[in-house]
Amino acid sequence: MSTSSVPSPLEQVDFSSLPWDLNLPSNNYYILIKTTNVWTTEHYDLETDSGSLLTSIYSYEKHPLDLHPATTSLNYGTTVWEGLKCYRRSDDQAVVFRADRNYERMRKGAEEMCLPMPDKAMFMRAIQLAVQANKTLIPPMGEGMKLYVRPMLLGTGQQLGLYPSPEITFLVYVSPTGNYFKGTSAGLKLHVETRRARAARGGLGAVKCSSNYAITIKPLVDCKKQGFMDNLFLEMETYKGGELEQAKIQELSAANVFLVLKTGEIVTPSLDRGTILPGVTRETVLHLITLHAQELSCAMEESTGQRYVTASSRDVSLGEFKNATEAFCTGTAAELVPIARLATGDGEEGFEVVFPYGQTLPGGPITTALLKLLRQAMVGHCDKTTNLGWLRDPFTLPTTFCE
Ligand SMILES: *Cc1c(COP(=O)(O)O)cnc(C)c1O
């Protein structure tokens with residue numbers, strides 16, 4: 001990877017304490033581009049690095065979105081989005097992590113929403129332009145700090161009838177965020193949600209579409225009232241009253257889940273049912289376990305007494321948490337977070353598991369080792385992943401960044 005330098009972060013901002021939210025919007029620029037049909041080389045042409053995309057950069061504050069009451073995405077929820085990150089790997093170099101996986105995921109989601117998807121070059125170039133336009137918002141090098149990048153594709157046509165949007169908007173905005181864990185010292189307390197579902201068979205659980213988040217907010221508010229931090233959702237069709245432990249698990253509101261079983265198996269729910277969001281971090285962690293099975297054997301022995309490490313993606317039942325020594329969640333924002341406690345709440349069938357390893361950060365031996373491997377891969381210090389093309393320099397040539 002060629003290197004090119006990135007300017008210093010904005011002074012007078014304590015990036016490490018920025019919350020997980022939209023920060024410094026008055027300093028932000030975003031990309032906004034529309035089409036009424038498909039995306040063409042007039043929007044962006046990588047060969048000549050030309051097109052209206054290059055001049056579609058706006059001030060977040062001075063140029064708000066102009067939406068009609070009958071906007072399709074407002075009325076019928078035709079929005080897909082992505083979340084990825086740009087961070088400094090050294091004082092003068094920034095990188096974007098696995099953006100091509102976000103492209104693939106959005107491409108599949110766009111198809112489900114009947115939205116034409118920009119090609120990979122346009123998607124990548126828009127990310128590159130958004131990062132460059134906000135270059136002083138890329139936080140300094142440091143644990144967990146990042147410029148979070150949010151590409152979105154939405155139907156912005158005016159219509160009342162139920163049909164695909166006659167106008168499509170592609171936009172990319174950013175937010176600098178601090179360390180997700182600043183001020184926390186223990187792992188997650190999760191509520192096992194036994195009444196409401198996040199995703200069902202035949203639905204859109206595998207798509208990063210807005211409705212999947214609308215559905216989680218009320219359960220999230222409710223579980224917080226009982227002292228939990230998030231919900232673990234179940235495959236409701238596999239839950240029969242009185243047999244909660246046999247129910248299959250899915251994931252959290254916006255993060256995937258892994259268990260470290262006493263057998264040495266590190267397991268996460270399979271994507272086969274179409275109800276799990278295929279996280280890039282999930283995929284990366286599975287890959288890292290396979291690549292580093294040998295190196296992980298000491299941590300596994302410490303955690304479980306077994307030395308043999310395997311990774312699998314399969315149906316996982318709730319009762320398996322009782323055979324786990326550690327459990328953790330994965331996602332772009334939080335990387336790897338240990339689970340401290342998992343339980344049902346008031347009026348629900350009883351279930352509780354406590355993980356002693358999750359009572360402090362960064363968690364048990366396997367969770368800690370995997371977080372370290374993930375962070376090494378993220379800065380290109382992992383020999384086994386340096387040639388996999390996971391890192392892209394947003395300040396390099398468009399042809400290199402967008403390939
Ligand atoms: C975004 C998301 C994840 C995590 O995906 P990453 O690509 O790892 O950030 C997991 N589950 C849900 C429901 C999500 O929305």
Q | Filtered residues of segment 252-267 (kept if touching a residue at least 60 places away in the same chain (Cβ under 8 Å) and within 25 Å of the chain's Cα centre (by Cα)) | A | 252, 254, 255, 256, 257, 258, 259, 260, 261, 266
**Q.** In segment 133-150, residue surrounded by the most Cβ atoms within 10 Å (Cβ to Cβ) [restricted to those that are in contact with a Pro (Cβ under 9 Å, 6 or more places away or on another chain) and in a strand (DSSP E or B)]
**A.** 146
Q.
I'd like to know if segment 347-360 contains one or more residues that are of a type in the set (Phe, Trp, Tyr), at pLDDT 95 or above and within 19 Å of residue 282 (Cα to Cα).
A. no
Q: Restricting attention to segment 207-219, report how many residues are within 12 Å of the ligand (Cβ to nearest atom) and closer than 16 Å to residue 236 by Cα.
A: 3
Q: Assess whether residue 206 counts as being surrounded by fewer than 18 Cβ atoms within 10 Å (Cβ to Cβ) and either touching a residue at least 12 places away in the same chain (Cβ under 8 Å) or among the hydroxyl-bearing types (Ser, Thr, Tyr) (or both).
A: no
Q: Specify the residue that is nearest to the ligand (Cβ to nearest atom); the eligible residues are those in segment 61-80 that are touching a helix residue (DSSP H, G or I) at 6+ places or on another chain (Cβ under 8 Å) and either closer than 24 Å to residue 334 by Cα or touching a residue at least 60 places away in the same chain (Cβ under 8 Å) (or both).
A: 80
**Q.** Among the candidates 70, 130, 126, residue that is farther than 26 Å from residue 376 by Cα, among the hydrophobic types (A, V, I, L, M, F, W, C), crowded, with 20+ Cβ neighbours inside 10 Å and modelled with pLDDT of 95 or more
**A.** 126
Q.
Being closer than 30 Å to residue 378 by Cα and either within 16 Å of the ligand (Cβ to nearest atom) or not assigned by TED's automatic domain parsing to the domain that holds residue 110 (or both): is that true of residue 171 here?
A. no
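The values are calculated or read from the model by the stated rules, or taken from the named source; none is laboratory data. As the structure is a prediction and not an experimental result, all values here were calculated from the model. Virtual Cβ from ideal backbone geometry, glycine too; neighbours counted across all protein chains shown.
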